Structure formats: structure tokens, C-alpha cells
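Below is one structure, written out as C-alpha cells, with a few remarks after it.
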Amino acid sequence: METGKVPESANAPSAVPPVSDSDTKEEFTREGISAAPGIVIGTAFVLDHEKLSAPEETIRAQDTENEIARFREALEKTKAELRKIKESLAAQIGDDHAKIFESHLLILADVTVIEETEAFIRDERRNAAWAFQSVLTKVVTSLRAIKDEYLADRSTDIVDVRRRVVRHLLGKRSRTVASPPEPSIIVAHELAPSETAQLNRKVILGYATDSGGRTSHTAILARSQGVAAVVALESASQEIETGDKLILDGNLGTVVVNPSRATLTMYRKEIRRFKKLEKQLLTLTGYPADTLDGRKFELVANIDLPEEVKSASNYGAEGIGLFRTEYFFIAQEKLPSEDEQFRVYRAVVQKMNGKPVTIRVLDIGGDKIADYIHSSPELNPFMGWRGIRFLLTRIDIFKTQLRAIYRASSYGKVNILLPLIVQLDEVTKARRICENVKEELRKGRFKFDDDVKFGVMIETPSAVAIADALAKEVDFFSIGTNDLIQYTMAVDRGNSKIAHLYQHLHPSIIRFLKMTVDAAHKRDIPATICGEMAVDPLSTVVLIGLQVDGFSCSPNMMPEVKRIIRSV
Ligand code: PEP
Ligand code: MG
């Protein structure tokens, strides 16, 4: 479908760098899923996973034993991983072939290697990943110095073991990603939100990834950054090389590699057409989001990073419907203090000039990981220690954030939103903590708004099922279809292999939405929608029919949603 959504990048002069036309390499096209709209022409910058290497870090003396324990745990995990591969290989091609992994397992059990690594951690006070990498690199270098075919093969095994253990120690999330030196299209097998957040936005023209879905958090981040993105390209990161010329079409979900002169000319024309369309859409900024028969909808913005508030205002947002505070946290090296948070929230509230700002308390976990919080990976993170579950076990972090939010509330209109609610008890506990925080602030003579509204995300089937009970306890519902669909359909929102099952308009979703809206309206509270379903043109119309009270979406999507509402 022609979306007509035009990213800011299509307008920016840097979006179309002076790429020289390529006739030397052959043109080919790869199809994926459109994750963020816009068309950009640029050079590829491929993020290479396999070159994963450990950074050197000094650790504190009191942390060495802990680091050694982490090292032993990583060895065990690698052993388990290799045994599994060995077993499945044995089942497929027989025991003899599977034996190739025995030498890997022997390296992992090598007493000298283990002792040397532990001594390195203890005596040099270096991180385990660096220590193990150094010890094995030394072995590889000496084996390679002896020109022997058998030993050369063994050194390859050691490199493989080194990579596996280092990966466990760093956790996949810990990859430090370097930004490209010049404006480029980032190509990667996969990108975690923490990695996307590390990249310098100024040099990112777009994202192309092998994995991911439309509502994976990297796709959402791309949309809110106004950067075009295509996901689920399967093996594009292996086929594309850094320096290749690309046309990334985030509207159609395609990537053209090494485009010919004719293709470039066609796409440049298309970009000009989009610019015109965006101009037309922007003329709607001053108009309300109401239907032809006069039904009015609230149209507010989702922001992931505080600086996006400017874009929200430019696109005429009536408020911020969802401020995902976790991105600010994962972009930091350590937990932000109350004052640091307060300054961020206050700036957003002040910039909105009295318009409501719904601040969602930390929805960390799932694929949104902060290394200083999550020390060990979970087997099933989307079903794990995430959102309100995390906050209710880390009351210290929860209270600090609430204090900062309440303090910011005296500068405008603030609402508080709780993520991933599955039971009533979570709401009552969170409310009690809020009352507690307010009491402390009163005692400390801090100013805050006593009438901050309190809402919950409806994004799990259990929250839908108890929506009537929840509606008695809160001031508003914000329906998060990204997760609601994931949990209802049992479809990982970031898994490209099953993306076809991720359906906004599945009957179960429509029924759940109706149940939620009805439960809210019965208690006279609003139910708005903040999931990406809001910006799917057909779904927008269905949501109007389901009587939701408002839409919250990425700032650059707002004109298009408004156009649809105003045409119904
Ligand atoms: C949702 O789940 O729909 C939502 C808006 O929250 P997030 O995308 O941050 O999980
Ligand atoms: Mg969610």
C-alpha cells in the first residue's frame, strides 16, 4: 500500500548524498518488511557480528571473584552450547563427524588456560572477556608460528571457542557499535535497541536488517527518529558490503543494491514526489483530528528519546501520549540519578507548554536491555523480568524515577503510565509506592502536581480479561497493540520468520480491543491506542469504528493518521 508517509530524512539534504552512479557492480534487489517509511539513497555500512572482540576494562579489586565466577559460568554455557550442537550433528550426520567438537570441549576444560585466565583477572584486574581473549590469542599465535596443518586446524578451533566464550561474557547486547564516519545506511544481521541508540543519528540515513519485524523496538526507534528502515531481509548483511551503493525503500520494504543509472533516476523522481506529498500533509497541522461527521479524536505523539519532543511539536501533537523512558536509560552507562532524570522529564514537560505528557515508567527488559541492570541473559526475556515486574522488584529504581516524574509534574501536565500489567495487585502496589513517594516529596518540600493521572498499558491478554476491574482503579487505558498482538497470537514481534502471523486485524485482536474500550467507557475513562496499529491505514479506520478515544504515534506519522481520520 502506498502510505504517503514521508520521513524527515527524505527532505533533509543529507538524505540524498552525492552518490556516484554505479554501473560497475551488478544491481540486485532484496525484499523485506517495511519498518519505517521513506526512501534514501546512500552508501552501506555493514556492522559485522563475527568480528566481536572484547574491550579491555579494569575492574575493582573487590569485583575480581565475581568476574571469575562470570568466567566459569560462561565456560559452562559454552560447553552446554557445544554439546547441543554435537548431539544434533551426531543425529544428522553420525557420531564420527560430531567428534570434531571434542577438541573444542577439551580447550574449554584445559586447566592451564583456565588458570592463566583467572590469574590474569585477579592479578591484572582485567575483565574476564579480555583476559580469556588474551590468553587464547597467545596460544593461537604460537600454534600458527609452527607451520603445521594439524596445528593450524586446532588454532581455528581455538578461535571458535574464544569467540563463543567472549560472546557469552559480553552478552550479545554488549556489542559496542561504531558509527560510520559519513552518512550511511546501516546494514546488520540484527540490531538491538541499545545498539541503535548508540549510533550517531547524524550519520544514519537508514537501517537494513536481516531479522526483525515491524514492531520490533529497533523498527519503532527508526520511525521515531524519522529514519527509513527495512527489516527481515534474511541474508542481506552477508550479500551487501560496506561501500556498496544502496537504495533503501522503507515504503515498499525493499533494498536495491548497486543500482543502475536508470534505477537511480527513477528513485530520485520518487523522492521528489514524496517531498511534495509531505508538504501537502503538513498543511493539516493546524486542523483538529476529527471525522467528517464531527467525532473528535485526541492525536498525540509517541516519543522514545527526549529530543523528539521538538518533532512532536512541529507535527502539531496535542500532547505526548507515550514517552518511552527506557531508551534514555539504555543510552546511559549507569543508572541515571533522580536529578538527571528530573531535568530530562522537566525539559519535555516544559517544551509541551501545558499540553499533557504521559510518561511511561521504565519498561526495561525484553529486548530493551541496559548492561548495568541485566547481568545475566534470560531464556525468554519477553516473558521475563520486564516492565512493572522489574520495577516492583527494584523499588529503589522505581521510586527514584517516580520522584523525578512527580517533581517534573509541577512544570505542566503529567500523566503516569504503567507497562506490562497482568494483574490488579501490580496496580495497587504501584499506587501505594506513588503515595509513598508523594509523601516523601511533601516532607522534602518539593513541588508537584497532586492530580497526576494514573493509567495502565493494556498490552497483555490478562489485562484485557480483567479490564473491567482495572478500569475501577485507574484514570485511563493506553492500549499497546505491539505487545498485545505478540502475547495474544504467541508471535515474537521481532521474529521475521513468523511475521505473517503478526496480524493487527485478527479477530482475537479486534475482540480484545472492543472488550477493552467497552470496559473503559463503562467507567467513563478514556482508552487510547499507542501501538503501531494506530498508523496502519486500514487499522486506523477499524479503530475509529471501535470507538477508541485517541491515537498516539510517532510524530512523523501524525499527519497521515490525521488525514485518514479527517476523511472518514
Ligand atoms: C506496545 O506494546 O504496543 C507499546 C506501545 O509499547 P512498546 O512498543 O514500547 O512495547
Ligand atoms: Mg509494550
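The values are calculated or read from the model by the stated rules, or taken from the named source; none is laboratory data. Computed from a predicted structure; not experimentally measured. Cβ placement follows ideal geometry from the backbone for every residue including glycine, while neighbour counts extend to all protein chains displayed. The protein model used for the area step is the full one, side chains on, heavy atoms only, and it has no ligands, DNA or RNA in it. Shrake-Rupley method; radii C 1.70, N 1.55, O 1.52, S 1.80 Å.
General observations
- Only Cα pairs under 8 Å and 6+ residues apart enter the sum, and on that basis the relative contact order of the chain stands at 16 percent.
- Amide H contacts of Leu417 (H built 1.01 Å from N, under 5 Å, at least 5 apart or other chain): Ile359, Arg360, Val361, Gly455
- Label point at Met515 placed 7 Å out along Cα→Cβ; residues across region 437-475 whose backbone nitrogen lies under 14 Å: 458-471
- Multiplying the residue separation of Arg122 and Lys522 by 0.36 nm and removing their Cα-Cα distance gives an extension gain of 137.7 nm.
- Degrees, to the nearest 10: 128-145 long Cα axis against longest axis of the chain: 40
- Rounded, prolate or oblate (a/c below 1.5 giving rounded, otherwise prolate when a/b exceeds b/c) for the chain by Cα gyration tensor: oblate
- Whole-Hz couplings from phi, Karplus 6.51/-1.76/1.60, listed for region 506-517; x for Gly and Pro: 5, x, 4, 6, 4, 4, 5, 5, 5, 4, 5, 4
- Between Asp449 and Glu234, full extension at 0.36 nm per residue minus the direct alpha carbon distance yields a gain of 72.4 nm.
- Cβ-Cβ distance of Thr242 and Thr29, R₀ of 22 Å, FRET efficiency by 1/(1 + (r/R0)^6): the value works out to about 0.70.
- Straight-distance candidates among the lysines for linking to Lys276, with alpha-carbon spacing under 27 Å and chain neighbours fewer than 8 residues away dropped: Lys5, Lys202, Lys245, Lys310, Lys562.
- Gap separating the Cα centres of region 250-302 and region 522-568, nearest whole Å: 17
- Counting only lysines at least 8 places from Lys447 when in the same chain, those with an alpha carbon closer than 21 Å to its own are Lys351, Lys355, Lys399, Lys413, Lys438.
- Spatially proximal aspartates and glutamates relative to Lys497 (Cα-Cα < 13 Å; intrachain offsets below 8 disregarded): Asp210, Glu234
- Each of Ala527, Val256, Ile240 was scored by the projection of its Cα onto the charge dipole of the chain, and the greatest displacement toward the positive side belongs to Ala527; charges sit on the C-beta of Lys, Arg, Asp and Glu.
- Rounded to whole numbers, the Karplus 3J(HN,Hα) couplings from phi for region 66-75 are 5, 5, 5, 5, 5, 5, 5, 5, 5, 5 Hz, using 6.51 cos²θ - 1.76 cosθ + 1.60 with θ = phi - 60°, and x at Gly and Pro.
- Where labels lie 7 Å past Cα in the beta-carbon direction, separation of Ser337 and Lys275 in nm: 4.7
- Two-site label geometry, Thr428 and Thr58: point separation in nm, points 7 Å out along Cα→Cβ: 5.2
- Rounded to 5, percent antiparallel among DSSP beta bridges of the chain: 30
- Portion, in percent, of the accessible area of the chain that falls on carbon or sulfur, probe 1.4 Å: 52
- Computed [θ] at 222 nm, helices only, for the chain once each DSSP H run of length n ≥ 4 contributes -39500 (n - 2.57): -14000 deg cm²/dmol
- Assuming charge only on the beta carbon of Lys and Arg (+1) and of Asp and Glu (-1), the dipole of the chain about its Cα centre is about 1800 debye to the nearest 20.
- Database remark: amide H of Gly212 closer than 5 angstrom to the amide H of Ala232, Ser496 (H placed geometrically; neighbours at sequence offset of 5 or more, or on other chains; Pro and chain starts carry no H).
- Note that region 390-404 has calculated 3J(HN,Hα) couplings of 5, 4, 6, 9, 10, 4, 4, 5, 4, 5, 4, 5, 4, 4, 5 Hz, one per residue in order, obtained from phi through the Karplus relation 6.51 cos²θ - 1.76 cosθ + 1.60 (θ = phi - 60°); glycine and proline are x.
- Distance from the C-alpha centroid of region 490-506 to that of region 184-221: 19 Å, rounded to the whole angstrom.
- Nonlocal amide H pairs with Ile320, under 5 Å, H built at 1.01 Å: Ala301, Val357, Thr358
- Point-charge dipole on Cβ atoms (K/R +1, D/E -1) for region 155-267, about Cα centre, debye to 20: 420
- The residue list Ile220, Gly171, Val231 was ranked by how far each Cα lies along the charge dipole of region 169-301 toward its positive end, using unit charges on Cβ atoms, and Ile220 comes out on top.
- Exposed-loop-free span, longest in the chain, where GluC sites (Glu not before Pro) count as exposed if DSSP calls them loop and at most 14 other C-beta atoms lie within 10 Å: 379-568
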